[in-house]
Amino acid sequence: MSIEFKADNLGDGVKSGDVAAIMVAVGDVIQAGHIIMEIETDKAVLPLPCDKAGKVTQLLVKKGQTITPGQAVLMLDPVAAGVPSMNGGAKSSATAAVASPPAKTTNTVVATSAAALAKAPLPASSGRDLPLPAGPATRRLARELGLNLASISGSGSGGRITLEDVARAAAGSGGGSGRVVEPPLPDFSKYGEVERVAFSKLQKTSANNLSLAWQVIPHVTQHDLSDITETEALRKRFVENAAKGSPKVTMTVLAMKAVVACLKEFPNFNSSFDSAKGEIVQKKYFNIGIAVDTPNGLVVPVVKHVDQKSILELAAELTELATKARDRKLQLADMQGGTFTITTLGGIGGTSFTPIVNYPEVAILGMSRSQKQLQLVDGNVTERLMLPLSLSYDHRVVNGADAARFTVKLCNMLSSAFSMLIG
Amino acid sequence: MADSQTELLVLGGGPGGYPAAFEAADHGMKVLLVDEGARPGGVCLNRGCIPSKALLHIAKLINESHEASEWGLTFSSPKIDLAKLRDFKNGVITKLSGGITELSKVRGVKLVAARGTFLDANTVELKHADGKIERVSFEKAIIATGSSPAVPPMFQLGDPRVMDSTGALELADIPGSLLVVGGGYIGLEMGTVYAALGSKVTVVELTSGLLPGADRDLVRPLQKRLEKQFAALHLNTKVEALKATKAGIEATLAGEGVAPKMTFDRVLISIGRRPNSKGFGLEATGVAVDEKGFIKVDRQLRSSVPHIFAIGDIAGEPMLAHKATREAKIAVEAMNGGKAEFDNIAIPAVVFTDPEIAWCGLMEHEAAARNIEVKVVKFPWAASGRATTLSRNEGLTKLIIDPKTERVLGVGLVGVNAGEMIAEATLAVETAAVARDLAETIHAHPTLSETLMEAAESVFGQATHSYRPKRS
């Protein structure tokens, strides 16, 4: 008899996800814990392990399909599971022959349910495969505001989502100032060939978060240059002499350490603004998010408790997170709990930029490409390596003078590696 | 070179096409509405919904005039003036069709009676009834070419006595006997008309029940009544061949307890409808069509060619006029940059037999097939005061409820006026009303609509006029 496997847990608070990849096919025999699919949620791409062992008899979802927690995603035949694991490769054919009558029975069952599935207008599921409880006017409003109705909880009878619920959700995400709705686009194809490329769920999430931050936070960016000639020389020497396979200490890692020292001195930079209560929530922990550019979009994994870790430990952890990010293996927990973000374009170029604060944080540090410049030192023109820093902050929480002080301290720390040791 | 150009071409003037043209004109678009018929309105108005309802109205009157003797009112048998009856039906069509023409005029929609054939994705060739040919280039198009009755080659005898729904509606005569092939809604509606006019009607249905796909609880009262009105209802029966003879159309039938050969004066083939996607140059536009012949569209009714939309029967099941009209509004809004999409939860279906059958939303058998847990409540019309005054207590009101939230997921109705009553039910399903919303809305007394209120009451308590003993 085939049994259903349901995707019960898609992560905390996750109400739906898209099937990004299916790693098993009908006929595959899997062990418990086998990763069967990758689910792209609005936060990350998560591996979906199957907690049961058996032979996959039917896939109930397709790539690209949106699934909800508790939805059955595949059928598997637990009887068939033992066969290869008991016998290993060569002998299994004989056993398979013996096992074939029950397998046949299974096939019949599957065929029947497949026929039922084909008839049903929506994929069969054991659970709450119902349309969202909202009337046409409510659905239209949500669509026009670009809100996902599934993420809005209904206040009406039976969980019905009302127009007011949608309006409230829009106000919540738009900072109460009313969200600007983009006017319709012109028909670009009038002027030449165009191609429409779908946004991935990840891109949509980034886009929403960035718009939100831009609309809610009055942004100011403080620019400065840090003379990192000596620090960079020390860093290079350290990296060259480091044992093979030891984690790479980059300027970003050093910046993390320096930033934490600054955050300790200026606690408002390590806070969130609770506008409803009119309070600043200062955090006594120091978790630094690092923006990582991946082929699938921008993600921000978070290094936790940076203040309690050595530079080498931070370097190792950052390397691991960046790899996970590029391989789309980040877990939700890897991206939560940040208090400040660092984004670097140093590997690419540029002299300065204005990063957008990662809401609900209140500040973000942008690092551009360090460059050799002529500087006057003690009346002599000398070549110095200068790192451009751009600190964007929430002007509601941080005033300009403090931002300048923060940036100056940061520049000084990065200039003098010694200060980082005692900072 | 094109002889003229337009912003929007709407091909097909049925209940999808003309509302689309009107909506687009109201949006300020320059619209050309092309329909090959002499009168706009499509199948629905000319050869479908409207004329059949005119005839069913007459059929109902005839039936009630017989039944009235039970209530102490005896009429002499009605005299049927077929020519005048046909005139009434045609008059209805002319009146409504004239309305469309008039509305086109006042909205500035250019209505052209011609057959349109696509030459490419931006050009259509129009062939007028007088043979004149012109080419029009368009920026955008809405294809609303509808569907046609499906008649398999084995039934195409080239004999006028074998009819499709169009032929049946022409009402050439009142045949002594009529074979209806297919027990779907068209067959049963037309069978009802002919039976009332005096034909002996035999219905043959391939599957095990009338109205395949409809809830069995709803079909039962109808079937019981039709068994009295029709000469015979043969289920699980196949028409293997039709042969034209001098005496009539000889049908070879295969089914249990059915005479293998029977001869009928006329035969109506009503086994389904097919989308009209061939014969008007659709291939030249590059628009993708699925294996059944429906144009593939997204939720905004946009085809694979972004400036061409498709609505109504040609854009997929269910092939219902009111679905087409809703799609018309969405397509026009979408092509003007709006965010409209077809997200409707409930598309009402109505069978205009007597009693009528209507339903919307999730049905009990669908919930079972999709493994959705539901609570089903039924309110029999035996407990309805209004139904009793009409002497029509066979009806049933059935609600499909989400047990967790008591939300109304689906409604099924059978009984007189079910087709009008389904409106309230559809509103309830579409707006995600819960049982209490229906139960605590005051319904006028005495009306059949009270059965919806009372059915809803029994979701969480007891209906006033129906008592279910508590289980101890």
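The values are calculated or read from the model by the stated rules, or taken from the named source; none is laboratory data. Fair warning: this is a prediction, and the values are worked out from it, not measured in the lab. Cβ coordinates were reconstructed from backbone atoms using ideal geometry, including for glycine residues, and neighbour counts include every protein chain displayed. What goes into the accessible areas is simple: the full protein's heavy atoms, side chains included, and nothing from ligands, DNA or RNA. Shrake-Rupley method; radii C 1.70, N 1.55, O 1.52, S 1.80 Å.
Observations
- In summary, the stretch B:153-271 shows an alpha-carbon radius of gyration equal to 0.98 times the 2.2 N^0.38 Å reference for compact globular proteins.
- Given charges at Cβ of Lys, Arg, Asp, Glu: the protein assembly as shown dipole, positive-most of A:170, A:134, B:103: A:134
- The stretch B:349-460 - convex hull of the alpha-carbon atoms, volume per residue in Å³: 87 Å³
- Overall form of the stretch A:218-422 per C-alpha gyration tensor (a/c, 1.5; a/b vs b/c): oblate
- Accessible-area value, residue A:6, 1.4 Å probe, nucleic acids and ligands omitted, Å²: 70 Å²
- Helical runs assigned H by DSSP (4 residues or longer) give chain B a calculated mean residue ellipticity at 222 nm of -10000 deg cm²/dmol, each run adding -39500 (n - 2.57) before division by the residue total.
- Accessible area per residue for the stretch A:155-274 is 59 Å², calculated with a 1.4 Å probe on protein heavy atoms, without ligands, DNA or RNA.
- Distance cut-off 12 Å, percentage of C-alpha pairs in the stretch A:378-423 lying past it: 71 percent
- Close Lys pairs in the stretch B:309-432 (alpha-carbon distance under 15 Å; sequence gap of 8 or more, or different chains): 4.
- Length gained on full extension, residue A:51 to residue A:354: 104.5 nm, using 0.36 nm per residue less the C-alpha separation.
- Percentage relative contact order, the stretch B:349-460, counting C-alpha pairs under 8 Å, at least six apart: 29 percent
- The calculated FRET efficiency for residue A:223 paired with residue A:310, based on their beta-carbon distance and R0 = 30 Å, is about 0.50.
- Centroid-to-centroid, using Cα positions, the stretch B:1-59 and the stretch B:424-468 are 38 Å apart.
- Rounded to the nearest 20 debye, the dipole magnitude of the stretch A:127-174 is 60 debye, with +1 charges on Lys and Arg beta carbons, -1 on Asp and Glu beta carbons, and the Cα centre as origin.
- Within straight-line cross-link reach of residue A:304, lysines at Cα separation under 21 Å, skipping those fewer than 8 residues along the same chain: A:43, A:248, A:257, A:264, A:283, A:284, A:324, A:329
- Taking 7 Å steps out from each Cα toward its Cβ at residue B:247 and residue B:339 produces label points 6.9 nm apart.
- Residue-count net charge about residue A:376 - beta-carbon cut-off 14 Å; Lys, Arg +1, Asp, Glu -1: -2
- Student exercise, the protein assembly as shown dipole from Lys, Arg, Asp, Glu Cβ charges, in Debye to nearest 20: 800 debye
- Residues whose amide H comes within less than 5 Å of that of residue B:263, counting only those at least five positions distant or on another chain, are B:251 (H built at 1.01 Å from N in the peptide plane).
- Shape category assigned to the protein assembly as shown from the gyration tensor of Cα positions, a/c cut at 1.5: prolate
- Convex hull volume of the stretch A:201-264 per residue (C-alpha atoms, cubic angstrom): 160 Å³
- Per-pair calculated FRET efficiency, R0 = 45 Å: residue B:462 and residue B:148 via Cβ, rounded to 0.05: 0.35
- Local electrostatic count, residue A:185, Cβ distance below 13 Å [Lys/Arg +1, Asp/Glu -1]: +1
- Among the trypsin sites (Lys or Arg not before Pro) within the stretch B:186-289, those in coil by DSSP and having at most 11 neighbouring Cβ atoms inside 10 Å are B:246.
- When the charge dipole of the stretch A:218-422 is built from unit charges on Cβ atoms (+1 for Lys and Arg, -1 for Asp and Glu) and taken about the Cα centre, the candidate among A:311, A:351, A:403 whose Cα reaches farthest toward its positive end is A:311.
- Only the Cβ atoms of Lys and Arg (+1) and of Asp and Glu (-1) were treated as charged; on that basis the dipole of the stretch B:1-130 about its Cα centre amounts to roughly 320 debye.
- Among the protein heavy atoms, those of residue B:71 account for about 130 Å² of accessible surface (1.4 Å probe, every chain in place).
- Note on residue B:445/residue B:127: beta-carbon distance plugged into 1/(1 + (r/R0)^6) with R0 of 56 Å gives a FRET efficiency of 0.45.
- A crude spin-label estimate for the pair residue A:230 and residue A:375, with each label 7 Å from Cα along the Cβ direction, gives 1.0 nm.
- Share of carbon and sulfur in the accessible heavy-atom surface of the stretch A:136-196 [1.4 Å probe, %]: 55 percent
- Whole-angstrom gap from the stretch B:155-230 to the stretch A:291-315, using each part's C-alpha centre: 73 Å
- Cα pair distances exceeding 45 angstrom across chain B, given as percent: 16 percent
- Qualifying aspartates and glutamates (Cα of each under 20 Å from Cα of residue A:190; at least 8 residues distant if same chain): B:7, B:120, B:139, B:333
- Distance (nanometres) between label positions extended 7 Å along Cα→Cβ at residue A:399 and residue B:216: 8.0 nm
- Annotation: extensible slack from residue B:228 through residue B:66 equals 57.0 nm (criterion: 0.36 nm per residue apart, minus Cα-Cα distance).
- Of the whole protein surface, residue B:426 contributes about 20 Å² of accessible area at a 1.4 Å probe radius.
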